[in-house]
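First comes the structure, then the notes that go with it.
The values are calculated or read from the model by the stated rules, or taken from the named source; none is laboratory data. Keep in mind the model is a prediction, meaning the values are calculated, not measured. Neighbour counts run over all protein chains shown; Cβ positions are idealised from the backbone, glycine included.
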Amino acid sequence: MKYRVKFINIVLIIVFLFVAAGNVLATETEKDKTLTKIPVITPASIEYKLLGSLPSVPSNLPTYKVLPKDLKKVEKEGDAVANALAFDIQKANKKSLDESGNKVQSLMLTDNAGKRLEYFSTGAVFYRDSEFLSEKSADVLKSLNKDEAGAKDLFATLGDSFLKGNKLSIPGLERKGVSFARAQAYDVNSKTVVEDKVTGAAVGYGVIVNQKNNIRGWGPGAKATIYYGANKQVTGYYNALRNLAVKDNKVAIQTPDQVVKKYMSYQEPKTLIKSATGEVKTILIDKVELVYYLASGAELQEEVKPNYLIQGRFVGTDDNGNTIETKFEWLEDAVL
Amino acid sequence: MKKLLKSLALCVLFLFITVCFQATTYGYEAGWEAVDEYNGLAPDLSECVNEGTNFQDAIASYGGYMGWWTSYGFADDNAWEEDFKEEIFGGTDDYYADNVNLVLFSGHGNRNGFYFGTFNDDPQLYYSEAKWGDHQDGLDWIIIDACEVLQPGGVPNVWNRWGWPVFRGLHYILGYSSITYDVNTRGRDFIKYAMEYGETVREAWRDATIISEDGTTAAYLRADNAISDTYNDHLRGFGHTSPDPVSPTILWYFWWSTNG
């Protein structure tokens with residue numbers, strides 16, 4: 001017995017060593033990443049051009065603090081979104097995440113039909129059912145017997161009514177537009193598109209954060225969207241808008257001229273957009289606008305401050321020497 | 001008797017170590033490559049590498065218990081185009097992108113491909129250089145978090161750029177048909193929805209794009225054949241995963257706005 005046990009040990013050690021050796025051999029096939037071939041490029045001096053006029057702005061603006069949402073209260077008492085969607089919070093399965101990625105708490109509620117309602121401590125809320133942006137859904141335009149323009153008008157009206165009727169509208173909320181989700185199927189053998197349909201509509205809203213000076217919110221958190229299916233039913237709803245209260249009533253801000261000078265002083269092109277630009281030779285500034293940046297509903301943002309949004313085009317050359325223009329956007333702090 | 005128990009305990013310990021070692025090595029693999037510093041080839045970005053590390057952290061947090069792990073993560077000068085390129089074109093995707101289940105690229109892109117900051121072996125992964133899923137246990141899903149890679153129209157259109165023959169067992173290309181912004185949360189949110197909440201791959205990408213953007217158009221391209229069912233794909237271990245659509249007969253392209 002004594003020897004048998006020892007034999008088992010030896011076998012297990014051999015198995016372990018075999019696996020370990022296999023892994024060492026496997027990792028040896030990886031390349032040496034220190035042999036990187038870094039291009040040697042002397043940065044060309046960039047020519048900046050300001051097109052159009054700069055906006056007139058107030059000399060000071062308020063900043064806002066974000067009032068967090070109490071998820072325990074939502075779980076206990078429900079809220080207007082759940083009511084609007086006839087979602088029974090009490091009967092739903094609940095899953096809480098203490099930290100949904102970035103110091104944000106979330107509460108995911110799932111009902112027996114698979115509908116999901118997700119609340120974030122930022123104030124964002126996200127609802128979706130099984131028809132939400134699905135390629136399997138029925139064709140919206142065919143079901144309604146409408147063209148795109150007619151369907152857009154219909155969904156715009158439905159969206160406005162949904163918000164107003166359920167008291168989900170807030171001051172400063174403005175409809176931005178209606179868009180469609182589209183599915184296409186391509187037959188590989190015949191090389192033809194065999195199905196093409198509109199499977200959902202989205203009515204999108206933005207927000208004017210500071211109504212006195214008509215300054216809008218900008219960023220992933222500056223939106224509320226209602227999604228509709230072929231039967232005009234709400235299939236999804238996402239509202240990232242935070243509950244804000246004035247933090248500092250008068251904060252001095254920079255002039256647009258100061259900010260544009262700062263942007264033009266950069267030796268390299270600055271952008272928030274992940275577009276391949278080629279080598280940038282000229283930067284055309286089309287528009288400078290005062291905005292309030294609103295972060296994603298899943299991101300912690302304790303304070304909302306004014307920023308300058310600089311928009312324009314990079315003019316460069318591609319690999320073949322052709323001139324290409326790509327859109328850029330950049331944010332600069334507006335607070336002095 | 002005491003010696004016997006001691007030996008048995010030792011056996012169990014060895015077995016446990018071996019199983020753990022195997023789980024972390026042969027479980028479900030992910031990889032990421034991200035570029036913030038373009039060395040003058042394109043404007044620098046600031047959040048792509050953070051997106052990669054957040055993606056990796058989320059996999060460890062939400063998928064580690066299921067055997068998911070990140071076998072490589074390459075940033076800036078260590079992110080190479082050839083890691084995504086097919087061998088016959090001089091690439092080494094069999095060791096990297098096509099040797100894992102899920103891969104994330106974050107950086108610049110356009111309708112023809114996505115971009116790197118070095119010449120290993122060139123800065124652009126052009127669509128015609130990609131064949132994914134053909135390696136044994138090859139790539140199932142790729143997230144190309146870059147602008148306009150899945151833009152539908154133009155010549156050639158999305159089918160002829162990223163459709164067949166790129167799909168050689170690959171289930172999905174998840175990306176954007178419009179521009180997209182430099183944020184560090186999207187990969188992490190995708191993993192959270194796919195792993196923590198068990199959403200399908202297409203649902204997790206849909207939700208991650210809606211939360212992280214305003215006004216852009218996200219998209220995916222997926223392949224299917226008579227025996228596959230990629231529409232209902234979950235990340236491996238988190239629900240039904242379709243067999244690989246090795247020779248796809250149909251490609252589905254779906255796109256949606258992240259606001260109205």
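When the stretch B:175-192 is examined, which residues are found to be of a type outside the set (Val, Ile, Thr), in contact with a helix residue (DSSP H, G or I) (Cβ under 6 Å, 6 or more places away or on another chain), more than 7 Å from chain A (Cβ to nearest Cβ) and surrounded by 24 or more Cβ atoms within 10 Å (Cβ to Cβ)?
Result: B:Arg186, B:Gly187, B:Phe190.
Within the stretch A:312-334, count every residue that is part of a strand (DSSP E or B), surrounded by 15 or more Cβ atoms within 10 Å (Cβ to Cβ) and either in the same structural domain as A:Ala124 (by TED's automatic domain parsing) or within 26 Å of the chain's Cα centre (by Cα) (or both).
Step one: list which residues in the stretch A:312-334 are part of a strand (DSSP E or B), which gives A:312-317, A:323-333.
Those still in the list that are surrounded by 15 or more Cβ atoms within 10 Å (Cβ to Cβ) too: A:312-316, A:324, A:326-332.
When the remaining residues are screened for being either in the same structural domain as A:Ala124 (by TED's automatic domain parsing) or within 26 Å of the chain's Cα centre (by Cα) (or both), the result is A:312-314, A:326-332.
So the count comes out to 10.
Being of a type in the set (Ser, Thr, Tyr) and in contact with a Phe, Trp or Tyr (Cβ under 9 Å, 6 or more places away or on another chain) is the filter; apply it to the stretch B:38-70 and report the residue that is surrounded by the fewest Cβ atoms within 10 Å (Cβ to Cβ).
Residues of the stretch B:38-70 that are of a type in the set (Ser, Thr, Tyr), as a first pass: B:38, B:46, B:53, B:61-62, B:65, B:70.
Cutting the leftovers down to in contact with a Phe, Trp or Tyr (Cβ under 9 Å, 6 or more places away or on another chain) gives us B:38, B:53, B:62, B:70.
Values: B:Tyr38: 23, B:Thr53: 17, B:Tyr62: 21, B:Thr70: 23.
Among those that are of a type in the set (Ser, Thr, Tyr) and in contact with a Phe, Trp or Tyr (Cβ under 9 Å, 6 or more places away or on another chain), it is B:Thr53.
For the stretch B:204-246, what are the residues that are away from chain A (no Cβ under 12 Å), in contact with a helix residue (DSSP H, G or I) (Cβ under 8 Å, 6 or more places away or on another chain) and within 17 Å of B:Arg168 (Cβ to Cβ)?
Answer for the stretch B:204-246, where residues must be away from chain A (no Cβ under 12 Å), in contact with a helix residue (DSSP H, G or I) (Cβ under 8 Å, 6 or more places away or on another chain) and within 17 Å of B:Arg168 (Cβ to Cβ): B:Asp233, B:Ser242.
Would you confirm, using the coordinates I've provided, whether B:His171 is surrounded by fewer than 21 Cβ atoms within 10 Å (Cβ to Cβ) and either within 18 Å of the chain's Cα centre (by Cα) or more than 18 Å from B:Tyr72 (Cβ to Cβ) (or both)?
On the way: surrounded by fewer than 21 Cβ atoms within 10 Å (Cβ to Cβ): no; either within 18 Å of the chain's Cα centre (by Cα) or more than 18 Å from B:Tyr72 (Cβ to Cβ) (or both): yes.
No; evaluated as a whole, the condition is false for this residue.
Among (1) more than 9 Å from chain B (Cβ to nearest Cβ); (2) on the phi > 0 side of the Ramachandran plot; (3) within 25 Å of the chain's Cα centre (by Cα), where does A:Glu131 come up short?
Failing condition for A:Glu131: (2).
Restricting the stretch A:266-294 to residues that are farther than 20 Å from A:Trp218 by Cα and among the polar types (S, T, N, Q), which is nearest to the other protein chains (Cβ to nearest Cβ)?
The initial filter retains those residues of the stretch A:266-294 that are farther than 20 Å from A:Trp218 by Cα, namely A:266-269, A:276-284.
Narrowing further to those that are among the polar types (S, T, N, Q): A:267, A:277, A:282.
Values: A:Gln267: 11, A:Thr277: 5, A:Thr282: 13 Å.
Among residues in the stretch A:266-294 that are farther than 20 Å from A:Trp218 by Cα and among the polar types (S, T, N, Q), the one nearest to the other protein chains (Cβ to nearest Cβ) is A:Thr277.
Can you go through A:Gly200, A:Gly219, A:Gly206, A:Gly229 and tell me which one is within 11 Å of chain B (Cβ to nearest Cβ), in contact with a helix residue (DSSP H, G or I) (Cβ under 9 Å, 6 or more places away or on another chain), crowded, with 20+ Cβ neighbours inside 10 Å and not aliphatic (A, V, I, L, M)? If you could, list the steps in order and put the result at the bottom.
Values: A:Gly219 fails: in contact with a helix residue (DSSP H, G or I) (Cβ under 9 Å, 6 or more places away or on another chain); A:Gly206 fails: in contact with a helix residue (DSSP H, G or I) (Cβ under 9 Å, 6 or more places away or on another chain); A:Gly229 fails: within 11 Å of chain B (Cβ to nearest Cβ).
One residue alone meets the criteria, A:Gly200.
Which one of A:Gly297, A:Gly236 is assigned to a strand (DSSP E or B) and either loosely packed, with under 15 Cβ neighbours inside 10 Å or within 14 Å of chain B (Cβ to nearest Cβ) (or both)? Full working, then the answer.
Values: A:Gly297 fails: assigned to a strand (DSSP E or B).
When all the criteria are applied, what remains is A:Gly236.
Filter the stretch B:56-78 down to the residues that are more than 11 Å from every other protein chain (Cβ to nearest Cβ) and assigned to a helix (DSSP H, G or I) and list them by number.
B:Gln56, B:Ile59, B:Ala60, B:Gly63, B:Gly64, B:Tyr65, B:Met66
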